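Below is one structure; the comments refer to it alone.
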Amino acid sequence: MIPILFDENAKTYNTNGVGALSDVISWQVSEELNGIFELEMEYPIAGAHFDQIKTSSIIYAEPYAGGAAQPFRVYRIGKALDGHAPVYARHVSYQLNWLVVMPFTASTLADCLTKLKTYSATENPFTFWTNKTINTGIAWTIPQSLRSMLGGTEGSILQTYGGDYEWDAWTVKLWNRRGADNGVRIAYGKNLVSASMEENIGNTYTGVCPYWSDEETGTVVTLPEKYILASTAADFPFERIKTVDFSTDFDDEPSVATLRNRTQQYIAANNIGHPNINIEVNMAALWQTEEYKGVAPLESVALGDTVTVDIPTLNISTQARVVGYVYDGVKGRYKKLSIG
């Protein structure tokens, strides 16, 4: 699709807005699972509607082939060189960084998502949805930005409950697991153009030492075994233990069994005991070719999808998930897929 320009206050995008950016030279979208979601564009200063592209304007564009178009808010317009100007935009969900939520306590995940809007200090244009059913409680004692509550900080929703976010316009969706497994195989001689692999254990832990404390009484609950190891701990030369405070997870003093169960849930949700392995591939878009036209839906991939990767030269033969991509909007294909 051709990106469409909307004014800064637009919340719906079923019109042509200010107008189509039909003279676009290049544009790409980068997205990572539970991470960045940004758009970069090169546009001629003599092109249609360039003079109406302002910081905070919204560019409505396709994030990947077949994906529902998304609104990206312009935050930077670079200096024009040779008559072309770079334009940088971020998904409107970045607005969550500037929304403050007041302290609250929630008994379940569903209750928590409802209260994110109820306890917002200012007008909150976002809605929240999940397909996860978890009855674990959560609490915040100080005002925080909504984005930090969602993820990226200690005690966040993502850390507490796990899952994968999808930023769908003004709706925040927390999936139990984003994507699907359509049996796509990436391999040399089929659809793999190039590949590289990186393994990083710099931030990897192999176990968790949990505790609960009450500042008023001085009571502290720990496990008699002190910590719980991940099932893969023996794969590392020494134990790498992370201390985790679960004090805000329970209103009342938890039993040892309850604290142990919460710790095991935390280990599973946060991939404790697993190194960070990232495979970057340049993959031919077979689903766009005539030869694969009949099985196109089975060959296409999107963020969160599980794929099989066979790269003998890197000693890789495994199933893994698509955790990031860079999409070339003009060519209608991925420039890069990150699998890890």
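The values are calculated or read from the model by the stated rules, or taken from the named source; none is laboratory data. As the structure is a prediction and not an experimental result, all values here were calculated from the model. Here Cβ is always computed from backbone atoms with ideal geometry, including for glycine, and neighbour counts include all displayed protein chains. Calculation scope for accessible area: heavy atoms of the full protein, side chains included, ligands and nucleic acids excluded. Shrake-Rupley method; radii C 1.70, N 1.55, O 1.52, S 1.80 Å.
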Expressed per residue, the solvent accessible area of the chain in Å² (1.4 Å probe) is about 49
Straight-line reach check, K242, cutoff 19 Å on alpha carbons, 8 or more apart in-chain or any other chain, hits among aspartates and glutamates -> E154, E225
Scoring the chain by relative contact order with C-alpha pairs under 8 Å, at least six apart, yields a percentage of 17
For the chain, with all protein chains present and a 1.4 Å probe, just round the carbon and sulfur fraction of the accessible area to a whole percent.
-> 49
So how strong a dipole does the range 1-58 carry about its Cα centre when Lys and Arg Cβ are +1 and Asp and Glu Cβ are -1, to the nearest 20 debye?
-> 220
Computed over the chain: longest principal axis from alpha-carbon atoms vs helix 109-118 long axis, angle to nearest 10 degrees, is 60
Under a Cβ-Cβ cut-off of 11 Å, what is the net charge of the residues other than Y88 that fall near it, where Lys and Arg count +1 and Asp and Glu count -1?
-> 0
Might you report the magnitude of the Cβ-based charge dipole of the range 132-267 about its Cα centre, with Lys and Arg at +1 and Asp and Glu at -1, to the nearest 20 debye?
-> 720
Plugging the Kirkwood radius over Cα pairs into Stokes-Einstein for the chain, at a temperature of 37 °C and a viscosity of 0.692 mPa s, what D comes out in µm²/s?
-> 146
Among K117/K335; K11/K173; K54/K132; K11/K115; K115/K173; K115/K226, the pairs whose Cα-Cα distance exceeds 27 Å are K117/K335; K54/K132; K115/K226
Of the residues S107, S247, P275, the Cα lying farthest along the dipole of the chain towards its positive end, which is defined by charges on the beta carbon of Lys, Arg, Asp and Glu, belongs to P275
